[in-house]
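Okay, structure first, notes after.
The values are calculated or read from the model by the stated rules, or taken from the named source; none is laboratory data. All values derive from a computational prediction rather than experimental measurement. As a convention, Cβ positions derive from the backbone with ideal geometry for all residues, glycine included, and neighbour counts pool all protein chains shown.
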Amino acid sequence: MADETDLNTVEHKDSEESEYRVALTVNGQLYHLTLDPRTSLLDLLREHIRLTGTKKGCDHGQCGACTILVGGRRITSCLTLAVMHDGDDIVTIEGLGSPDALHPLQAAFIERDAFQCGYCTPGQICSAVGMLAEACAGWPSHATADVGSDHVELTPSEIRERMSGNICRCAAYPNIVAAIRDVSEGATQ
Amino acid sequence: MRSFSYERVTDPRTACAAVAAHPDSKFISGGTNLIDLMRLEIERPTHLIDISRLPLTAIEELPQGQLRIGASARNSDVAANPLVRKRYPVLTEALLAGASGQLRNKASVGGNLLQRTRCHYFYDTAAGCNKRQPGAGCAALSGANRNHAILGASDACIATHPSDMAVALTALRATISMLSPETTTRDMPIGEFYRLPGTTPHIETNLAAGELITAVTVPPPPPGGQRYRKVRDRTSYEFALVSVAVILAIEGDNTITEARVAFGGVAHVPWRSTEAETALRGRPAIPATYQAAADIAIEGAVGRGDNDFKIQLARNTLRHTLADVAATTDRRSS
């Protein structure tokens, strides 16, 4: 079980040790790190592997600026410990697109002017990627009248509800909703 | 955050052995509440046992028609599960009314049940809080207590339980399964799981030291319509001021044959109102019945100043939700 490819086993030397080895994939690249177990996944990304696109806003899971995708699902990276993600496949804003080949949501945010200061934007876009996948899988939301229905129509009220975990202090919400709507409608055409 | 050691376990018995071997240890699953509390040094475990990869994620129908939900199942997976959506819409509605999409993707069923109150004074380490530090007093009694309890509170603590899911599970009469460090298992109805604050608000459940929640089992769906209604200061991503889970069955002659009522946001526990249920059963499905049930449900409620409005809000929320379920539920012929 304890061979090098078994990423489900955290190697720690003994309980007196304060550092733990973790291997995880970020944007397609495998990283091996030795970490204090207090390190949040957010701090691993920003401070250890220098991917600073993911932002630290509140550090309490309330603002959504640190949203990333783990195994394709959106989470707040501040409220999880990096050691708990050994073997996981992580995508951050840097992994979604590049300046020459923007992700459709990145392009839509620019087209719709869906930001002002831009601090929440990486989290908004990663959250929207996860949210569109959830809607595509037929997940209902608090805005869905009949949670038993398999059909999800991403109306503005559905998008606002599903994106409520991402705060924008510049209040670019109308344009964020419009950008996401552009992509969701494009995807279903 | 204080330093701690860490281990990951992959089977429930090892988890229980690990917690027994380490005093001051804690299980961690989603971590969405615990990590925040550790960062604020309200929780200070010296050892964390990572139970997030335990094989307890299944949501499966049992032979007698119950639904067994593994304690490690993510809140979002439970909310989206086809059986839950079809048979227990009140549970899906409650889950989707709580937290955000990101948090529901992390939070586990067991962790949701065990999350701590969001009382400001519990989080403010400069304030007196009997829950955080027994004997320190309760700053909320004379402080900003808009969000606090109106039922079952004590002079030691007026905090509320923050879970939406637990309110729906209370209306559904769920059972919680636990595994002890001695590897014995036991089941407890959710109505016996949570404790009123009394003089020991730091003891919130009847889970024993080192016990691990392994599953929640929901009985076969009761007849009738189900609804979760949550009233809060924001439309989304906010804790309840008052919430109510209602299940109501009505026969063809407009008689209520079955009623389940549970409140959130009003007490230290998800608050089942057997009095309201009794006031509904056998009565005609008319506004006067709903009003009587709402009045009796909130009888004995005590406001603490800022939260006085919750007394009428709770009555109104129940009355409106009952009328709403009655209006949208098929009548069964008697």
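Based on this model, can you work out whether A:L33 counts as buried (at least 16 other Cβ atoms within 10 Å of the Cβ), modelled with pLDDT of 95 or more and more than 18 Å from the chain's Cα centre (by Cα)? Considered against the rule, which asks whether it is buried (at least 16 other Cβ atoms within 10 Å of the Cβ), modelled with pLDDT of 95 or more and more than 18 Å from the chain's Cα centre (by Cα), A:L33 comes out as yes. The residue of segment B:69-81 that is surrounded by the most Cβ atoms within 10 Å (Cβ to Cβ), among those that are within 14 Å of chain A (Cβ to nearest Cβ) and touching a residue at least 24 places away in the same chain (Cβ under 8 Å), is B:V78. Those strands (runs of 3 or more DSSP E) of segment B:196-262 in which at least 1 residues are within 13 Å of another protein chain (Cβ to nearest Cβ), considering only elements entirely within it, cover B:225-231, B:242-250.
Whether any residue in segment B:165-181 is over 13 Å from the mean Cα position of the chain (by Cα) and part of a loop (DSSP other than H, G, I, E, B) is what I want to check. Yes, some residue in segment B:165-181 is over 13 Å from the mean Cα position of the chain (by Cα) and part of a loop (DSSP other than H, G, I, E, B). For segment A:150-189, filtered to residues that are more than 22 Å from A:R73 (Cα to Cα) and in a loop (DSSP other than H, G, I, E, B), the residue that is modelled with the lowest pLDDT is A:Q189. Counting only strands (runs of 3 or more DSSP E) wholly contained in segment A:22-111, the ones carrying 3 or more residues that are free of Cβ contacts under 8 Å to residues at least 12 places away in the same chain, on the phi < 0 side of the Ramachandran plot and more than 10 Å from chain B (Cβ to nearest Cβ) occupy A:29-35.
Candidates in segment B:15-27 are the residues that are more than 11 Å from B:D50 (Cα to Cα) and not charged (D, E, K, R); of these, the one that is surrounded by the fewest Cβ atoms within 10 Å (Cβ to Cβ) is B:P23. Are any of the residues in segment B:125-137 without any contact (Cβ under 8 Å) to a residue 24 or more places away in the chain, facing chain A (nearest Cβ under 10 Å) and of a type in the set (A, V, I, L, M, F, W, C)? For segment B:125-137, residues without any contact (Cβ under 8 Å) to a residue 24 or more places away in the chain, facing chain A (nearest Cβ under 10 Å) and of a type in the set (A, V, I, L, M, F, W, C): absent. Within segment B:24-37, the set of residues being without any contact (Cβ under 8 Å) to a residue 40 or more places away in the chain and either among the small types (G, A, S) or within 12 Å of chain A (Cβ to nearest Cβ) (or both) comprises B:S25, B:I28, B:I35, B:D36. Within segment A:70-91, the set of residues being among the β-branched types (V, I, T) and surrounded by 23 or more Cβ atoms within 10 Å (Cβ to Cβ) comprises A:I75, A:T76, A:T80, A:V83, A:I90.
Filtering B:L40, B:L91 for residues that are touching a residue at least 40 places away in the same chain (Cβ under 8 Å), surrounded by fewer than 24 Cβ atoms within 10 Å (Cβ to Cβ) and within 11 Å of chain A (Cβ to nearest Cβ) leaves a single hit, B:L40. Under the condition of being more than 13 Å from chain B (Cβ to nearest Cβ) and among the β-branched types (V, I, T), the residues counted in segment A:131-176 number 2.
Scanning segment B:58-68 for residues that are in contact with a Leu (Cβ under 9 Å, 6 or more places away or on another chain) and in contact (Cβ under 8 Å) with a residue 60 or more places away in the chain yields a count of 2.
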